[in-house]
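Since the structure comes first, as structure tokens, the remarks are kept for the end.
The values are calculated or read from the model by the stated rules, or taken from the named source; none is laboratory data. Note that the coordinates shown come from a computational prediction; the quantities given were computed from them, not determined experimentally. Using ideal geometry, Cβ is built from the backbone for each residue, glycine included, and neighbour counts are taken over all protein chains shown.
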Amino acid sequence: MTTSLKGNDILHGNQFLKKDIDAILKTASYFEKALKRKDQIPLLKGKILATLFYEPSTRTRLSFETAMQRLGGGVVSMGSVESSSVAKGESLTDTVRTVAQYADIIVIRHPKTGSAKEAADAVPIPVLNAGDGAGQHPTQALLDIYTIKKELGSLNNLKIALAGDLKNGRTVHALVEVLSLFGAKLYLVSPDILRMPEEITSRLRGKGMEVTETTDLKQACQNSDLVYMTRIQKERFTDLSEYEKLKGSYVINEDFLKQLNKKIVILHPLPRVDEISPAVDEYSGAAYFRQVRNGVYVRMALLAMVMGKTVKT
Amino acid sequence: MTTSLKGNDILHGNQFLKKDIDAILKTASYFEKALKRKDQIPLLKGKILATLFYEPSTRTRLSFETAMQRLGGGVVSMGSVESSSVAKGESLTDTVRTVAQYADIIVIRHPKTGSAKEAADAVPIPVLNAGDGAGQHPTQALLDIYTIKKELGSLNNLKIALAGDLKNGRTVHALVEVLSLFGAKLYLVSPDILRMPEEITSRLRGKGMEVTETTDLKQACQNSDLVYMTRIQKERFTDLSEYEKLKGSYVINEDFLKQLNKKIVILHPLPRVDEISPAVDEYSGAAYFRQVRNGVYVRMALLAMVMGKTVKT
Amino acid sequence: MTTSLKGNDILHGNQFLKKDIDAILKTASYFEKALKRKDQIPLLKGKILATLFYEPSTRTRLSFETAMQRLGGGVVSMGSVESSSVAKGESLTDTVRTVAQYADIIVIRHPKTGSAKEAADAVPIPVLNAGDGAGQHPTQALLDIYTIKKELGSLNNLKIALAGDLKNGRTVHALVEVLSLFGAKLYLVSPDILRMPEEITSRLRGKGMEVTETTDLKQACQNSDLVYMTRIQKERFTDLSEYEKLKGSYVINEDFLKQLNKKIVILHPLPRVDEISPAVDEYSGAAYFRQVRNGVYVRMALLAMVMGKTVKT
């Protein structure tokens, strides 16, 4: 494998070449197998990861902290609550430069788009973007693509429906960048006012992808092998009556699956609210908790690779 | 030892057989001795404990995190503040299922009675209840019984006074379940409106225990070898004037001990407010800080045992 | 080296003899060199540090947690937010005694002057003061003196300007105690109402130090080899208009450095607000981020030494 991410930042879904993705997925797959045999693969023993979360995200933070510990490394952590009280007017740049004196890698989540890049530019150590506002969430995109490959067996001839809030959803924004490397056929399912930004769809089409925009979830699912559901995020709305109108737009429940009359793989970045009913969890295609677990393997791969560690894949 | 807790959840004070308790106390005792010789007994090296605290409890959380680290394991932690902000409407079941993709064991504290059971039913990994509302707090009961045995030398012919808020106190509710296996003679000391629920006392009596309810702390102590004090918990009262009237009902101070005219062992789950005066800390029977330390040994035992680790006891 | 800090508390800048400082700086220097070769020097493997922060301070907390992990030890942590909600009326003494049942060392930050001493008196294990109100912050003073020695090459014939809020700044209060052991020539630069307390300056003079008080930063810098800037702390003012008037009193920017017409080393305990402009960060004398890193080495030295570990220096 000639690809090296050593010393790199992980900032944006579009920063990767196809061979980078391949290397990451292979490394993640190595860790998945290795963890079946033992609890820890101590490639990063003695290294320290700092997690800086300016927005709460237990899920993503715990996933990174687990990944680092499974690699034998240590963690120091700044919580979202502290971040606000500690600020005392300190710039993001100063905080990150300070933390770079302690840690070997930084993972950052911040409400402002572009802040992860700003942080990365300020320090010599690798910075991983764990979500910057409505911007990007590249490690989520990578765990999504890892899950898609595992569930469907291949990344060729993908037919995928993406549903929900495609306007504000940073996970889908990052995911389509990665998917564009593999030439998937996409169905973008959303209410009109939550459509994928035109700037993104036209770039995807420019790369030769077949992109269909629709409001009809069932039809999109009938044409797809996998549906990626997202939550209509209350916190992105200023007009709550608008939210109330839209939140129930797309719901996958047992009825929906019966009508569909075919098997489909269901992913979701979680947390979900009502868009997938709990009864669906037993469905063999319901892959969203497997997706969570895959996040650990993929983040182990990223942490190891940016620290220059290679594994036999 | 034939008892195995491997893969078990620890949810309720009444889930244990006497031989389970014996095995737990022996294992805890093994760890107590082992920690005199070295700082770490790395039976759980590479394993990860997730602590999910929906209510604050620094004491219990740090006790578990210490126990896990003394066993060589790692910890990922969701704080009480995050839990509220992170929720975004996610169900407890979904959160726990997510965390079960990261960790090998979950410790949960939650304000709702029954929530630990709900969590345990949702995941295949062991779940330990660190307090569910006014429900149970079984690991506290186990460290209490461990302390009682150490302080009194035996669990036979116990004469124990339990004092304070016996209505809402989940620690005493869990403790009496465990004590009922050993046939103690109990003095239940409380103001009338904070009496032990009838449902519990009648069950205890049904098991053949001698249970005396009283409002007189001194007399109860004169008949007992050990008194278990509890705090009148302000946060359980809706009418604060009621709280003000009752909070000073039972106070152990130097005067009280002099009048008692015999040695008594004093336990308390802590934190205390006014019910034990600081001057009593120097009294040889004041065992509440030793009790705190015992919590580490007992939690090490539980963590090791639910992970299927056995020690030579 | 005959000095031993084994079992000692680290509470106050004036507790050290010159030979203690020498031993600490040599040990810190040892760790600095050792960390160039490997990520961890596991002298404290199996030991547990408890960090109790009653005031937020991500910087100091992460520095200690990093130091402990670089020594192979573990950490349990009570955050500032929890501390307030958890309190339930518990005394500081009770909390510290409880935590001393779990951990081998305690680091405490607390808003009340004298609280670190109070904590230390309550427990047999070493307590390190990470800031007690407007009182002391001795580990900061030690990392400052380590940085001064590294940047200037020696602690002889020091000429140092201290600027900003000298009245409330606990870092400068602790630093001058340590400096007094080495006989520095001091320039104290502050607005009149933020002057160093008379009680301190007269003690310094009593020890034979040459102390000049001034409001003129430029002149002080021209006479000094190093300037220690501090933030005018908004949170110490009751009258905010007073703060607004004073906050811009002293600013080091590119212009200031040009006018100075000589090289000067610049330290700052951070966080900074406006008192050092970001453009100055590229200046070779700007040592404040190196100072942050030195904090890890010095805290490793202190943690190792109070636990009785010695290194070949």
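Being at the interface with chain C (Cβ under 7 Å from one of its Cβ atoms) and surrounded by fewer than 21 Cβ atoms within 10 Å (Cβ to Cβ) is the filter; apply it to region A:74-91 and report the residue that is modelled with the highest pLDDT.
Residues of region A:74-91 that are at the interface with chain C (Cβ under 7 Å from one of its Cβ atoms), as a first pass: A:74, A:76, A:78-79, A:81-82, A:85-86, A:88-90.
Filter once more, so that each one left must be surrounded by fewer than 21 Cβ atoms within 10 Å (Cβ to Cβ): A:81, A:85-86, A:88-90.
On the way: A:V81: 62, A:S85: 50, A:V86: 52, A:K88: 62, A:G89: 72, A:E90: 84.
Only one residue fits best here, namely A:E90.
Checking the structure you have, find out if any residue of region A:287-299 is closer than 25 Å to A:Y187 by Cβ, aliphatic (A, V, I, L, M) and in a helix (DSSP H, G or I).
We begin by selecting, within region A:287-299, every residue closer than 25 Å to A:Y187 by Cβ; these are A:287-292, A:294-295, A:298.
Okay, now just the ones that are also aliphatic (A, V, I, L, M), so A:287, A:292, A:298.
Still in the list and also in a helix (DSSP H, G or I): A:292, A:298.
The answer is yes, given that some residue of region A:287-299 is closer than 25 Å to A:Y187 by Cβ, aliphatic (A, V, I, L, M) and in a helix (DSSP H, G or I).
For region B:149-163, check the following and say yes or no: at least one residue is under 20 Å from B:T58 (Cβ atoms) and basic (K, R). Can you show your working first?
Taking region B:149-163 as the starting set, the residues that turn out to be under 20 Å from B:T58 (Cβ atoms) are none.
Within region B:149-163, not a single residue is under 20 Å from B:T58 (Cβ atoms) and basic (K, R).
Can we say C:S115 is closer than 24 Å to C:E235 by Cβ, touching an Asp or Glu at 6+ places or on another chain (Cβ under 8 Å) and crowded, with 24+ Cβ neighbours inside 10 Å? Before you say what the answer is, go through the steps one by one.
Working: closer than 24 Å to C:E235 by Cβ: yes; touching an Asp or Glu at 6+ places or on another chain (Cβ under 8 Å): yes; crowded, with 24+ Cβ neighbours inside 10 Å: no.
Judged against the criteria, C:S115 is not a match.
Every residue in region C:290-313 that is more than 18 Å from C:T51 (Cα to Cα) and either modelled with pLDDT under 95 or touching a Gly at 6+ places or on another chain (Cβ under 8 Å) (or both), please. Break it down stepwise before answering.
Initial filter on region C:290-313 (more than 18 Å from C:T51 (Cα to Cα)): C:290-294, C:308-313.
C:G308, C:T310, C:V311, C:K312, C:T313, listed by residue number.
Every residue in region A:43-59 that is under 17 Å from A:A103 (Cα atoms) and either facing another protein chain (nearest Cβ under 9 Å) or assigned to a strand (DSSP E or B) (or both), please. Spell out how you get there, then give the answer.
If we filter region A:43-59 for residues that are under 17 Å from A:A103 (Cα atoms), which is where we start, we get A:43-53.
Result: A:L44, A:K45, A:G46, A:K47, A:I48, A:L49, A:A50, A:T51, A:L52, A:F53.
Can you confirm whether A:L43 is buried (at least 18 other Cβ atoms within 10 Å of the Cβ) and closer than 16 Å to A:L71 by Cβ?
Details: buried (at least 18 other Cβ atoms within 10 Å of the Cβ): yes; closer than 16 Å to A:L71 by Cβ: yes.
In short, yes.
Looking only at residues in region A:282-313 that are under 18 Å from the mean Cα position of the chain (by Cα) and among the basic types (K, R), which one is surrounded by the fewest Cβ atoms within 10 Å (Cβ to Cβ)?
The residue in question is A:R290.
Identify, please: which residue in region A:187-210 is in contact with a Lys or Arg (Cβ under 8 Å, 6 or more places away or on another chain) and of a type outside the set (S, T, Y) and is, among those, surrounded by the fewest Cβ atoms within 10 Å (Cβ to Cβ)?
In this case the residue turns out to be A:I193.
So A:Q233 passes all but one of these: (1) within 14 Å of another protein chain (Cβ to nearest Cβ); (2) in contact with a Cys (Cβ under 8 Å, 6 or more places away or on another chain). Which condition number does it fail?
Evaluating A:Q233 over (1) within 14 Å of another protein chain (Cβ to nearest Cβ); (2) in contact with a Cys (Cβ under 8 Å, 6 or more places away or on another chain) leaves (2) as the failure.
Based on what the data block shows, is A:Y243 at negative phi and either within 12 Å of another protein chain (Cβ to nearest Cβ) or part of a helix (DSSP H, G or I) (or both)? Spell out the reasoning first.
On the way: at negative phi: yes; either within 12 Å of another protein chain (Cβ to nearest Cβ) or part of a helix (DSSP H, G or I) (or both): yes.
Spelling it out, A:Y243 is indeed at negative phi and either within 12 Å of another protein chain (Cβ to nearest Cβ) or part of a helix (DSSP H, G or I) (or both).
Quick one: count up the residues across region A:97-118 that are assigned to a loop (DSSP other than H, G, I, E, B) and either away from every other protein chain (no Cβ under 13 Å) or out of contact with any strand residue (DSSP E or B) (no Cβ under 7 Å at 6 or more places or on another chain) (or both).
We begin by selecting, within region A:97-118, every residue assigned to a loop (DSSP other than H, G, I, E, B); these are A:100-104, A:111-114.
Okay, now just the ones that are also either away from every other protein chain (no Cβ under 13 Å) or out of contact with any strand residue (DSSP E or B) (no Cβ under 7 Å at 6 or more places or on another chain) (or both), so A:101, A:111-114.
So the count comes out to 5.
Select, from B:I232, B:I264, B:I252, the only residue that is more than 22 Å from B:I148 (Cβ to Cβ) and surrounded by 15 or more Cβ atoms within 10 Å (Cβ to Cβ). Working first, answer last.
Details: B:I264 fails: more than 22 Å from B:I148 (Cβ to Cβ); B:I252 fails: more than 22 Å from B:I148 (Cβ to Cβ).
Step by step, each of B:I232, B:I264, B:I252 is checked, and only B:I232 is more than 22 Å from B:I148 (Cβ to Cβ) and surrounded by 15 or more Cβ atoms within 10 Å (Cβ to Cβ).
Based on this model, can you work out whether C:D94 counts as in a helix (DSSP H, G or I), within 14 Å of chain B (Cβ to nearest Cβ) and among the charged types (D, E, K, R)?
Working: in a helix (DSSP H, G or I): yes; within 14 Å of chain B (Cβ to nearest Cβ): yes; among the charged types (D, E, K, R): yes.
Yes.
For region B:1-31, which positions are touching a helix residue (DSSP H, G or I) at 6+ places or on another chain (Cβ under 7 Å), among the β-branched types (V, I, T) and assigned to a loop (DSSP other than H, G, I, E, B)?
B:T3
Hey, does region C:219-228 have a residue that's small (G, A, S), more than 20 Å from C:G133 (Cα to Cα) and either surrounded by 15 or more Cβ atoms within 10 Å (Cβ to Cβ) or modelled with pLDDT under 95 (or both)? Before you say what the answer is, go through the steps one by one.
Taking region C:219-228 and keeping what is small (G, A, S), we get C:220, C:224.
Checking the rest, the ones that are also more than 20 Å from C:G133 (Cα to Cα) come to C:220, C:224.
Narrowing the set further to residues that are either surrounded by 15 or more Cβ atoms within 10 Å (Cβ to Cβ) or modelled with pLDDT under 95 (or both) leaves C:220, C:224.
Yes, because at least one residue in region C:219-228 is small (G, A, S), more than 20 Å from C:G133 (Cα to Cα) and either surrounded by 15 or more Cβ atoms within 10 Å (Cβ to Cβ) or modelled with pLDDT under 95 (or both).
Pairs needed: first member in region B:31-55, in the same structural domain as B:S77 (by TED's automatic domain parsing); second member anywhere, among the aromatic types (F, W, Y) and modelled with pLDDT of 95 or more; C-beta distance under 7 Å; at least 6 residues apart or different chains.
Pairs that qualify, where the first residue is in the same structural domain as B:S77 (by TED's automatic domain parsing) and the partner is among the aromatic types (F, W, Y) and modelled with pLDDT of 95 or more, are B:F31/B:Y297; B:E32/B:Y297; B:I41/B:F31; B:I48/B:Y102; B:L49/B:F64; B:A50/B:Y102; B:T51/B:F64.
Which one of these is assigned to a loop (DSSP other than H, G, I, E, B), within 30 Å of B:T214 (Cα to Cα) and either under 16 Å from the mean Cα position of the chain (by Cα) or not assigned by TED's automatic domain parsing to the domain that holds B:I232 (or both): B:Q140, B:Q136? Please lay out each step first, then the result.
Numbers: B:Q140 fails: assigned to a loop (DSSP other than H, G, I, E, B).
Sole residue among the options that is assigned to a loop (DSSP other than H, G, I, E, B), within 30 Å of B:T214 (Cα to Cα) and either under 16 Å from the mean Cα position of the chain (by Cα) or not assigned by TED's automatic domain parsing to the domain that holds B:I232 (or both): B:Q136.
Within region A:208-231, does at least one residue satisfy the condition of being over 21 Å from A:V280 (Cβ atoms) and basic (K, R)? If you could, list the steps in order and put the result at the bottom.
At the first step, the residues of region A:208-231 found to be over 21 Å from A:V280 (Cβ atoms) are A:208-215.
With the extra rule that they be basic (K, R), the set shrinks to none.
Looking for residues that are over 21 Å from A:V280 (Cβ atoms) and basic (K, R), one finds none in region A:208-231, hence no.
Condition test on A:L71, is it away from chain C (no Cβ under 11 Å) and either at pLDDT 95 or above or surrounded by 22 or more Cβ atoms within 10 Å (Cβ to Cβ) (or both)? Step through it out loud before you land on a result.
On the way: away from chain C (no Cβ under 11 Å): yes; either at pLDDT 95 or above or surrounded by 22 or more Cβ atoms within 10 Å (Cβ to Cβ) (or both): yes.
Yes: the conditions hold for A:L71.
If I ask for residues that are in contact with a helix residue (DSSP H, G or I) (Cβ under 7 Å, 6 or more places away or on another chain) and of a type in the set (K, R), which ones from region A:232-250 would you list?
Selection gives A:K234 alone.
When you look at C:A34, is it buried (at least 22 other Cβ atoms within 10 Å of the Cβ) and either facing another protein chain (nearest Cβ under 7 Å) or part of a helix (DSSP H, G or I) (or both), yes or no? Explain how you work it out, then say what you get.
On the way: buried (at least 22 other Cβ atoms within 10 Å of the Cβ): no; either facing another protein chain (nearest Cβ under 7 Å) or part of a helix (DSSP H, G or I) (or both): yes.
So C:A34 fails the test.
Output the residue which, of all residues in region A:224-240 that are in a loop (DSSP other than H, G, I, E, B) and not β-branched (V, I, T), is nearest to A:Y187 (Cα to Cα).
Of region A:224-240, the ones in a loop (DSSP other than H, G, I, E, B) are A:224-225, A:230-233, A:237-239.
Restricting the remaining residues to those that are not β-branched (V, I, T) gives A:224-225, A:231, A:233, A:237, A:239.
On the way: A:S224: 8, A:D225: 11, A:R231: 17, A:Q233: 20, A:F237: 24, A:D239: 27 Å.
Selected residue: A:S224.
Go through region B:270-289 and report how many residues are at pLDDT 95 or above, within 14 Å of another protein chain (Cβ to nearest Cβ) and in contact with a strand residue (DSSP E or B) (Cβ under 9 Å, 6 or more places away or on another chain).
Of the residues in region B:270-289, 6 are at pLDDT 95 or above, within 14 Å of another protein chain (Cβ to nearest Cβ) and in contact with a strand residue (DSSP E or B) (Cβ under 9 Å, 6 or more places away or on another chain).
Testing A:M1 on (1) modelled with pLDDT under 95; (2) within 27 Å of A:V96 (Cβ to Cβ); (3) not hydroxyl-bearing (S, T, Y), one condition comes back false. Which one is that?
If we test A:M1 against (1) modelled with pLDDT under 95; (2) within 27 Å of A:V96 (Cβ to Cβ); (3) not hydroxyl-bearing (S, T, Y), just (2) comes out false.
Hey, does region C:247-266 have a residue that's assigned to a helix (DSSP H, G or I), among the aromatic types (F, W, Y) and at pLDDT below 95? First the steps, then the outcome.
Kept after step one, since they are assigned to a helix (DSSP H, G or I), are these residues of region C:247-266: C:254-260.
Right, trim to among the aromatic types (F, W, Y) and you get C:256.
Checking which are at pLDDT below 95 leaves us with none.
Scanning region C:247-266, I find no residue that is assigned to a helix (DSSP H, G or I), among the aromatic types (F, W, Y) and at pLDDT below 95, so the answer is no.
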